[in-house]
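The values are calculated or read from the model by the stated rules, or taken from the named source; none is laboratory data. Please read all numbers here as calculations on a predicted model, not as lab measurements. Heads up, the Cβs are rebuilt from the backbone with ideal geometry, glycines too, and the neighbour counts pull from every protein chain shown.
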Amino acid sequence: MTYLPVENVNTATFRPAAFLIKADTMDKIITKEQIRDAAETAYTHASAIKGGANANYIPYLANINPDLFGLSVVLPDGTHIDYGDTDYRFGIESVSKVPTAILVMRQQSPEAILQKIGADATGLPFNSIFAILLENDHPSTPLVNAGAISACSMVAPTGNSNEKWKAITDNITELCGSAPELIDELYKSESDTNFNNRAITWLLKNYNRIYDDPDMSLDLYTRQCSLGITCSQLGIMAATIANGGLNPVTGKQVYDQRISPKITTLIATVGFYQHSGDWLYTSGIPAKSGVGGGVLGVLPGVLGIAAFAPPLDTAGNSVKAQAAILHFMQTLGLGIMNGQRVIIK
């Protein structure tokens with residue numbers, strides 16, 4: 001048995017039994033081959049799963065091929081493990097809330113997000129108006145519709161839609177290592193049907209929780225949800241967050257590493273909306289879903305994972321993507337609450 005001494009201990013009151021840490025219970029060593037095998041078996045397992053349905057309240061999404069499915073795992077050294085339709089561009093939808101929250105933290109601070117939007121899980125659907133009223137005029141979190149619209153209003157520079165849009169897309173490009181592409185048909189479809197989000201925007205404006213022009217802020221949110229992204233790109237974004245803001249593919253430090261714990265906490269608490277607790281309990285990994293069928297998962301310091309399949313459950317989360325990530329995590333015995341230092345060899 002080997003032990004690691006704890007530093008900065010007062011020797012006058014030091015009691016070995018209480019302060020020695022067992023090194024061999026602290027480390028979990030896994031190989032890249034094990035990760036690759038786990039990803040392959042997870043993809044195979046989830047490929048056979050049926051059920052769910054494409055989002056039908058946005059006409060463009062209803063017509064996407066429901067058989068599309070991809071899984072991508074990215075490690076801190078840039079190793080990329082892809083299975084299936086990982087190069088297909090799908091609507092990023094609500095996963096876009098993650099990079100925009102990061103952008104506001106980059107431009108302002110994590111504290112600004114907490115003060116102007118909040119960090120509380122609503123326990124309600126992602127597009128809930130009632131949640132705003134329950135929170136006493138607060139958007140609650142930048143990872144639900146209300147908070148995401150508010151976050152778009154916070155993006156600098158104030159009053160300039162084109163520059164704001166450039167900041168949003170440049171940020172996503174840095175996180176992914178390559179640029180997303182606006183899906184014009186999806187943008188039109190979203191704009192023609194975003195009546196609930198219009199109500200949310202003006203209710204927030206009434207409570208002084210929109211910090212720029214409300215119509216501009218709603219349009220920016222609608223456009224960012226309409227960006228086309230691949231599962232492979234989403235995996236790199238997840239790995240960048242897991243890697244403390246350092247993009248493992250480009251080698252660029254995209255943002256201050258202190259932001260990663262904040263955004264990962266937001267993802268953990270509300271990434272699967274009213275199913276967030278169940279998801280974290282069973283999978284052990286903070287993950288953010290979108291009604292386009294994408295899911296982004298972040299295991300801090302270890303890896304990023306993304307999956308894509310259009311059919312959704314009743315909460316708007318991809319059925320196959322959930323199954324693949326859950327199977328992957330359980331196969332490797334990983335989880336943020338395990339209390340282990342994971343070493344990849």
**Item:** Residues located in segment 181-205, provided they are in contact (Cβ under 8 Å) with a residue 40 or more places away in the chain, within 28 Å of Gly118 (Cβ to Cβ) and not aliphatic (A, V, I, L, M)
**Value:** Glu190, Thr193, Asn196, Asn197, Thr201
**Prompt:** crowded, with 22+ Cβ neighbours inside 10 Å and at pLDDT below 95: does that describe Ser276?
**Reply:** yes
**Residue that is farthest from the chain's Cα centre (by Cα), among those in segment 61-83 that are more than 21 Å from Ile344 (Cα to Cα) and buried (at least 21 other Cβ atoms within 10 Å of the Cβ)** = Leu61
**Prompt:** From the list Ala238, Ala268, which residue is part of a helix (DSSP H, G or I) and in contact with a Pro (Cβ under 8 Å, 6 or more places away or on another chain)?
**Reply:** Ala268
**Item:** Residues of segment 288-331 satisfying the condition of being over 13 Å from the mean Cα position of the chain (by Cα), in a strand (DSSP E or B) and without any contact (Cβ under 8 Å) to a residue 60 or more places away in the chain
**Value:** none
**Item:** Unique match (being of a type in the set (A, V, I, L, M) and either more than 21 Å from Ile267 (Cα to Cα) or touching a His at 6+ places or on another chain (Cβ under 9 Å) (or both)) among Ala167, Ala148
**Value:** Ala167
**Prompt:** Would it be correct to say that Asp219 is modelled with pLDDT of 95 or more, farther than 30 Å from Asp82 by Cα and not aromatic (Phe, Trp, Tyr)?
**Reply:** yes
**Prompt:** So which helices (runs of 4 or more DSSP H) are wholly in segment 97-154 and hold at least 3 residues that are modelled with pLDDT of 90 or more?
**Reply:** 97-107, 110-116, 145-154
**Request:** Evaluate the following for Arg198: is it more than 20 Å from the chain's Cα centre (by Cα) and assigned to a helix (DSSP H, G or I)?
**Result:** yes
**Request:** Could you list all residues from segment 38-59 that are crowded, with 21+ Cβ neighbours inside 10 Å and not in a loop (DSSP other than H, G, I, E, B)?
**Result:** Ala38, Ala39, Ala42, Tyr43, Ala46
**Item:** Matching entry among Asp77, Asp85 (being among the charged types (D, E, K, R), out of contact with any Leu (no Cβ under 7 Å at 6 or more places or on another chain) and at pLDDT 90 or above)
**Value:** Asp77
